[in-house]
Amino acid sequence: MRRIGGRTDHVVVVGAGLAGLAAALHLLGAGRRVTVVERAAVPGGRAGLLDRGGYRMDTGPTVLTMPGLIEEALAAVGATTADHLALVPLHPAYRARFADGSGLDVHTDAEAMEEEVRRFAGPREAAGYRRLRQWLTDVYRAQLARFIDANFDSPLQLLHPDLARLAALGGFGRLDARIGRFLSDERLRRVFSFQSLYAGVPPARALAAYAVIAYMDTVAGVWFPRGGMHAVPRALAGAAAGAGAAFHFGHEVTRLERSPGDASRVAAVHTAQGLRLPCDTVVLTPDLPVAYRLLGRRPRRPVALRHAPSAVVLHAGTDRTWPELGHHTLSFGGAWHGTFEELTRAGRLMSDPSLLVTRPTTHDPSLAPPGRHLHYVLAPCPNTAIGPDARAWRNGLGARYRDSLVAELERRGLAGLGAAVEAECLITPADWADAGHAAGTPFSAAHTFAQTGPFRPRNLVRGTANAVLAGCGTTPGVGVPTVLLSGKLAAARITGTAGARRRTVLVGAAR
């Protein structure tokens, strides 16, 4: 593994999101002095927090899997999750509702889920679920060490027995077809394949290897941090500060000063507020366009990056709730394959949307005023490179789409939702674009084969000898677990070690 040469005693981390905080903890654990610079007033990055009249709204991810990665980052400085964070396992992990009126609870416990599948679709599908669960576990184990928790210097690193194991498992076939070998009920197939959209690829075109995301969701377990998802970056930042990291909030980095004796090295980080931070090494966690602008160079690629679909998110504080909702509810429309065509190729809003509805007050009523409830509605939508641009979203499309989502959910059983809203926040691709995210998507570059593993933008950039990237645009990719890993991998580029690699990553895994 290539590592940063020269002195690395003092590292400046740009961005206090999950990637930056994970990097900071692993660097501190390896004896480095760490300074973290964040443009917002609080840690979190995309996992931010908004308070609207006592409704505490998470502005980023709402699904937490693989908490062992949080434990691993904290362990680097001698801390534990119990010291800083209260995690509640969700049972069920999801509640799925379909256009035909049917529904099932998605359990991560094998026996409970087998019984639920038997009730929902019969004994043959229940037996198929058991085989699918084992396959998901095998795919995850074949990928973790070699293809996920790994720094790549060359595609030749793929030439390993684990590649043959993954191929033998069918990992290079198509996800939807592979899931279909175990389950014939299309509704069940959706439950175990929709996750590929997180990676920016429809199930019919995604590599079966991306079943690793379904493993995290449906086998390893889903948790909820009390205080909401923003409690995770608060916990990581608290542990880092306790271990000696210096934080500068409210400072936006505008320039990297190069060493007068060696233009390939960054000598200091400058902020718009007049701060100059000398450094030996810098970790950059902003989205790729911002990171490349700061570096003054963009790596050459034979084909331009393709970006994942974006999302519209409605945060709604309401004076009532609906008992049929779980903590996480997947509300599937009748359309399926056509939906992905709209999102990834045609550039149109979903004509029959599938939605994720999260109700965090299910497990933490303190996130809303007494007697009130908080609902988060996520609707995938095209990114601004192929769909409506930021101007369209600002000039009325956002408001109209918000109303159509509310009306659709009312048709699906959440009667009176519109009238129940007391406080809200609508986030559209225009807002993601304003935050510096390419193509107006928080999900960065899609995980096509040509943008995965050694073919994804690397965390070392030619022309700069002492800068490392972290975050969802680089290795290993999109999602809370992989972003935490990206911070760990960035730290390893500096320290030359991977710390307690995989010692805790499997905590909460297959049971």
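The values are calculated or read from the model by the stated rules, or taken from the named source; none is laboratory data. Bear in mind the structure is a predicted one, so any value in this text is a computation, not a measurement. Glycine gets a Cβ as well: all are built from the backbone with ideal geometry, and neighbour counts include every protein chain shown. All accessible areas refer to the heavy atoms of the entire protein, side chains included, with ligands and DNA or RNA removed. Shrake-Rupley method; radii C 1.70, N 1.55, O 1.52, S 1.80 Å.
In region 204-226, which residues are of a type outside the set (Val, Ile, Thr), open to solvent by less than 30 Å² (accessible area, probe 1.4 Å) and under 18 Å from the mean Cα position of the chain (by Cα)? Break it down into steps so the answer makes sense when it comes.
Kept after step one, since they are of a type outside the set (Val, Ile, Thr), are these residues of region 204-226: 204-211, 214-217, 220-221, 223-226.
With open to solvent by less than 30 Å² (accessible area, probe 1.4 Å) added as a condition, the list becomes 206-211, 214-217, 220-221, 224-225.
Across region 204-226, the qualifying residues are ALA206, ALA209, TYR210, ALA211, ALA214, TYR215, MET216, ASP217, ALA220, GLY221, PHE224, PRO225.
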Given (1) farther than 15 Å from ALA243 by Cα; (2) within 19 Å of the chain's Cα centre (by Cα), where does HIS91 come up short, assuming only one miss? (2)
Of all residues in region 61-86, which are open to solvent by 20 Å² or more (accessible area, probe 1.4 Å) and of a type in the set (D, E, K, R)? GLU71, ASP83
Any residue at all in region 171-182 that's within 30 Å of ARG3 (Cβ to Cβ) and either at pLDDT below 95 or in contact with a strand residue (DSSP E or B) (Cβ under 9 Å, 6 or more places away or on another chain) (or both)? yes
(1) open to solvent by 20 Å² or more (accessible area, probe 1.4 Å); (2) over 17 Å from VAL14 (Cα atoms); (3) in contact with a Ser or Thr (Cβ under 9 Å, 6 or more places away or on another chain) all hold for THR448 apart from (3)
On the basis of being open to solvent by 10 Å² or more (accessible area, probe 1.4 Å), out of contact with any Asp or Glu (no Cβ under 6 Å at 6 or more places or on another chain), over 19 Å from ASN151 (Cα atoms) and among the basic types (Lys, Arg), does ARG458 make the cut? no
Give the residues of region 461-477 that are among the aliphatic types (A, V, I, L, M) and either buried (at least 24 other Cβ atoms within 10 Å of the Cβ) or part of a strand (DSSP E or B) (or both), sorted by residue number. ALA467, VAL468, LEU469, ALA470
Residue tally, condition within 24 Å of the chain's Cα centre (by Cα) and farther than 16 Å from VAL12 by Cβ, over region 24-44: 4
Write out, first by first residue and then by second, each pair whose Cβ atoms fall under 6 Å of each other, whose residues are 6+ apart or on separate chains, and whose first residue, in region 1-15, is under 19 Å from SER154 (Cα atoms) while the second is open to solvent by 10 Å² or more (accessible area, probe 1.4 Å) and of a type in the set (D, E, K, R). ARG2/ASP153
Residues of region 87-115 being open to solvent by less than 50 Å² (accessible area, probe 1.4 Å) and among the basic types (Lys, Arg), in sequence order, are ARG95
Quick count over region 217-274, residues being in contact with a helix residue (DSSP H, G or I) (Cβ under 9 Å, 6 or more places away or on another chain), within 18 Å of ALA19 (Cβ to Cβ) and part of a loop (DSSP other than H, G, I, E, B), is 3
Strands (runs of 3 or more DSSP E) contained in region 10-104 and holding at least 3 residues within 23 Å of ARG359 (Cα to Cα): 49-52, 55-58, 87-89, 94-97
Can you confirm whether region 285-306 contains a residue that is in a strand (DSSP E or B) and at pLDDT 95 or above? no
Those residues that are part of a loop (DSSP other than H, G, I, E, B) and either open to solvent by 50 Å² or more (accessible area, probe 1.4 Å) or touching a Cys at 6+ places or on another chain (Cβ under 8 Å) (or both), I need them from region 116-165; list them, please. LEU159, HIS160
Could you list, ordered by first residue, the pairs with Cβ atoms under 8 Å in which the first is in region 409-430 and in a loop (DSSP other than H, G, I, E, B) and the second is acidic (Asp, Glu), at least 6 apart or interchain? GLY413/GLU324; GLY416/GLU410
Cβ contacts < 6 Å: first residue closer than 11 Å to ARG95 by Cβ, restricted to region 326-344; second residue crowded, with 21+ Cβ neighbours inside 10 Å and among the polar types (S, T, N, Q), any location; separation 6+ or different chain. Result? HIS328/THR358
